[in-house]
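Scroll down for the structure; my scribbles are underneath it.
The values are calculated or read from the model by the stated rules, or taken from the named source; none is laboratory data. This one's a predicted model, so the numbers in the text were calculated from it and none came from an experiment. Using ideal geometry, Cβ is built from the backbone for each residue, glycine included, and neighbour counts are taken over all protein chains shown.
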Amino acid sequence: MLFPYGTDGWSVNIRCVEGSSNNRTNVTMREFIAFLIQYRPDEGNILLRCGEIVPQFVVDCYAAIKAWRSRFFRDHQSTLRAEFYSDL
């Protein structure tokens, strides 16, 4: 209902624009959602016209970001070296 034109959502392989200020190569989920929510006067932003559905969309996106981050921390415990932080 929010995306009637069938636009793609976020995926892991979305590349950052060349010349961006960060050192990463891919766009994070948070950056992608922030881009969707932003107001751009030159474009017809469907999200900002949907009224009462937008807060639920934002809450769902927040939950998706938290779940993605939690899964990342769970899957990368060896690289995060969590055993060094156990005494804190």
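List of remarks:
- Of note, residue 59 satisfies the criterion of being at pLDDT 70 or above, in a helix (DSSP H, G or I) and surrounded by fewer than 11 Cβ atoms within 10 Å (Cβ to Cβ).
- The set of residues in the stretch 27-56 that are surrounded by fewer than 11 Cβ atoms within 10 Å (Cβ to Cβ) and modelled with pLDDT of 85 or more contains only 55.
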